[in-house]
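Novice: Provided herewith is a single structure, encoded as structure tokens, for subsequent inquiry.
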Amino acid sequence: MTNPAVSIEQIVNLAKRRGFIFPTAEIYGGYGGFWDWGPLGVKLKENIKHAWWGDFVLEWDDVVGLDGAIITNPRVWEVSGHTKNFIDAMVECTKCHHRFKADEVKADCPDCGGQMMAARNFNTMFKTAVGPVEASAATAFLRPETAQNIFVNFDLVRDTMRLKVPFGIAQIGKAFRNEITPGNFIFRSREFEQMEIEYFVQPDQADKYYREFVEASHQWFIKLGIKAEHLRQRPHKKSELSHYSAATTDVEYAFPIEKGWAELMGIANRADYDLRQHGQAARGDERAFAVPIDETGKIKEVPYVIEPSMGIDRAALAFLLDAYEVVKGGRTTTTESIKEEEVVLHLHPKLAPYTAAVLPLSKKPNLEKAAHAIAQTLRPHWSVDYDAAGSIGKRYRRQDEIGTPFCITVDFDTLEGVKRPLGTVTIRDRDTMKQENVPIESLVDYFRAKLG
Ligand code: GAP
């Protein structure tokens, strides 16, 4: 199944046209697998992170945060197994020399029909050199996952925060992978952001927490507006598990891409793999990170870890796809919009770049002054746009297209109170287009009641 109502190209166009996401350094032709986030994209991404941090870190009394280094000691990647195992099988065309992931090519080259060379392994970690001498001893890596920062800080975080298993460490940050075939816009890129939790548990509790995190992650997307029928859970077969994983379930989204259902995020039971590896390598004892698991403190075990791992970019793509609606002929019969195509982005209010837009009916100075004052009253609480350019119908459509849930219109009745009580504005709901009159002094309470 795919979400047939919308294509990736429609989202690419909207993202560029309205300032969400641009090809990186577009003036030089872009750069494969890298993207720049524009003003509205920054807001969308911040809102996704904020919602996740609130629901999975702040609301839990045993999850704390970390912000580790993107480039860390290269030993980390040797010990974690990434130097050896973080590889993709790659095939190359003998004629045009284009490269593909081996599992994406059945026979001849998809680009020129040429014969393919035998598959070889390719490590997808980006290399860099640290310090002024580019000798091999200076080789370091850009982290391909945020998780390892958490494992190597396990003892420091546990001790400084006086934590007892079960507890979690959460991190949001950039990750880098030299993907052989980046593609489908931000679905698979070479630089992206991850939100990960490593939740350390007693080994006999691992399965319980694994199931709970799968369910909580799945429900989180539904809570933020993704249609339930566009989401499913897919447990991995043994043969496809990552080198560290005892069990993994993907939450998949019905992406409109060739293969349809595809991984939105993964939840893994990494067992005690990482802590044992680092225990052995750093402390000479694979049980170095064992912690008390009963009340007496005598029985010690290396904790198991459950890892919900999500790419923010991929989540943003799913939120945009699921929110996107094209209305042929427009939604109103009273403006020139009839027979045009209108786009409405039904983003959840918590994710929308702007919660509200303030629109003075005209550019008359007294209307603009009142409208600016309203925007300033709301800005300490929510992200608020101000737009005075163009007809009111066009301005509504501009806001619908970027997902602004509420438009506040300031008109002559706001100042003169002829058809409506003095000091009121009209608030238009993006999805229903219904309008309500609300006194200016009640606006903060009105939005608090609507948004929580
Ligand atoms: N620490 C575990 C881990 O990194 P993963 O399945 O390789 O697991 C987790 O990645 C998530 O990161 C994926 O579900 C996806 O959302 C995101 N992700 C991975 N590679 C990506 C890429 N090249 N571009 C965008 N997002 C990516």
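Novice: Is it the case that Glu307 is outside any loop (DSSP other than H, G, I, E, B) and under 27 Å from the mean Cα position of the chain (by Cα)?
Specialist: Taking the combined requirement at face value, the residue satisfies it.
Novice: Which of (1) free of Cβ contacts under 8 Å to residues at least 60 places away in the same chain; (2) of a type outside the set (Val, Ile, Thr); (3) not in a helix (DSSP H, G or I) is the odd one out, the single condition Glu46 does not satisfy?
Specialist: (3)
Novice: Output the residue which, of all residues in segment 180-230 that are surrounded by fewer than 18 Cβ atoms within 10 Å (Cβ to Cβ) and among the small types (Gly, Ala, Ser), is nearest to Lys45 (Cα to Cα).
Specialist: The extreme case among them is Gly225.
Novice: When segment 398-417 is examined, which residues are found to be under 29 Å from His346 (Cα atoms) and surrounded by fewer than 20 Cβ atoms within 10 Å (Cβ to Cβ)?
Specialist: Matches in segment 398-417: Arg398, Glu401.
Novice: Looking at segment 161-189, I want the residues that are under 16 Å from Ile150 (Cα atoms) and have a partner that is within 9 Å of the ligand (Cβ to nearest atom) and outside any strand (DSSP E or B) with Cβ atoms under 7 Å, at least 6 apart or on another chain. Which pairs are those?
Specialist: As it stands, the answer is Gln171/Thr146; Gly173/Thr146; Ala175/Pro144; Ala175/Glu145; Ala175/Thr146, since those pairs meet every condition given.
Novice: State the number of residues belonging to segment 103-156 that are within 27 Å of the chain's Cα centre (by Cα), within 30 Å of Tyr199 (Cα to Cα) and either assigned to a strand (DSSP E or B) or of a type in the set (D, E, K, R) (or both).
Specialist: Looking only at that region, the number is 7.
Novice: Which of the residues spanning segment 137-161 are within 23 Å of Arg190 (Cα to Cα) and modelled with pLDDT under 95?
Specialist: Of everything in segment 137-161, those that are within 23 Å of Arg190 (Cα to Cα) and modelled with pLDDT under 95 turn out to be Ala138, Thr139.
Okay, residues lined up against (1) in a helix (DSSP H, G or I); (2) under 12 Å from Ile374 (Cβ atoms):
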site	(1), (2)
Asp400	yes, no
Arg420	no, no
Val425	no, yes
Thr432	no, no
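Novice: Going residue by residue through segment 227-249, is there one that turns out to be within 20 Å of the chain's Cα centre (by Cα), among the basic types (Lys, Arg) and either under 30 Å from Met90 (Cβ atoms) or near the ligand (Cβ under 9 Å from one of its atoms) (or both)?
Specialist: Yes, segment 227-249 contains at least one residue that is within 20 Å of the chain's Cα centre (by Cα), among the basic types (Lys, Arg) and either under 30 Å from Met90 (Cβ atoms) or near the ligand (Cβ under 9 Å from one of its atoms) (or both).
Novice: Ok, one more. What are the residues in segment 163-186 that are out of contact with any strand residue (DSSP E or B) (no Cβ under 7 Å at 6 or more places or on another chain), within 12 Å of the ligand (Cβ to nearest atom) and in a loop (DSSP other than H, G, I, E, B), if any?
Specialist: Of everything in segment 163-186, those that are out of contact with any strand residue (DSSP E or B) (no Cβ under 7 Å at 6 or more places or on another chain), within 12 Å of the ligand (Cβ to nearest atom) and in a loop (DSSP other than H, G, I, E, B) turn out to be Arg177, Asn178, Asn184, Phe185.
Novice: OK, next. For segment 426-437, enumerate the residues that are out of contact with any Pro (no Cβ under 8 Å at 6 or more places or on another chain) and buried (at least 17 other Cβ atoms within 10 Å of the Cβ).
Specialist: Correct list: Thr426, Ile427, Arg428.
Novice: Ala388 fails exactly one of the following numbered conditions: (1) surrounded by fewer than 15 Cβ atoms within 10 Å (Cβ to Cβ); (2) at pLDDT 95 or above; (3) of a type in the set (Gly, Ala, Ser); (4) assigned to a loop (DSSP other than H, G, I, E, B). What is the number of that condition?
Specialist: The one condition Ala388 does not meet is (1).
Novice: Could you tell me whether Asp67 is touching a helix residue (DSSP H, G or I) at 6+ places or on another chain (Cβ under 7 Å), surrounded by fewer than 19 Cβ atoms within 10 Å (Cβ to Cβ) and either under 28 Å from Arg120 (Cα atoms) or not aromatic (Phe, Trp, Tyr) (or both)?
Specialist: Considered against the rule, which asks whether it is touching a helix residue (DSSP H, G or I) at 6+ places or on another chain (Cβ under 7 Å), surrounded by fewer than 19 Cβ atoms within 10 Å (Cβ to Cβ) and either under 28 Å from Arg120 (Cα atoms) or not aromatic (Phe, Trp, Tyr) (or both), Asp67 comes out as no.
Novice: Still on this structure, I have one more. Give the residue, chosen from Glu342, Glu401, Glu368, that is acidic (Asp, Glu) and in contact (Cβ under 8 Å) with a residue 60 or more places away in the chain.
Specialist: Result: Glu401 is the single residue among Glu342, Glu401, Glu368 that is acidic (Asp, Glu) and in contact (Cβ under 8 Å) with a residue 60 or more places away in the chain.
Novice: Still on this structure, please answer the following. I'm told Arg420 meets every condition in (1) closer than 30 Å to Ile11 by Cα; (2) touching a helix residue (DSSP H, G or I) at 6+ places or on another chain (Cβ under 7 Å); (3) surrounded by 15 or more Cβ atoms within 10 Å (Cβ to Cβ) except one. Can you identify the failing condition by its number?
Specialist: It fails just one condition, (1).
Novice: If you don't mind, another one. What pairs can you find where one residue is in segment 123-145 and on the phi < 0 side of the Ramachandran plot, the other is within 14 Å of the ligand (Cβ to nearest atom) and among the acidic types (Asp, Glu), and their Cβ atoms are less than 7 Å apart, with a gap of 6+ or different chains?
Specialist: Final answer for the pair search is Thr124/Asp88; Thr124/Glu179.
Novice: If you don't mind, there's one more thing I want to ask. Residues in segment 60-82 that are touching a strand residue (DSSP E or B) at 6+ places or on another chain (Cβ under 7 Å) and either in a strand (DSSP E or B) or farther than 23 Å from Glu193 by Cβ (or both): how many?
Specialist: 6
The values are calculated or read from the model by the stated rules, or taken from the named source; none is laboratory data. Note that the structure is a prediction, hence the values are computed from the model and not measured. Positions of Cβ are backbone-derived with ideal geometry, glycine not excepted, and every protein chain shown enters the neighbour counts.
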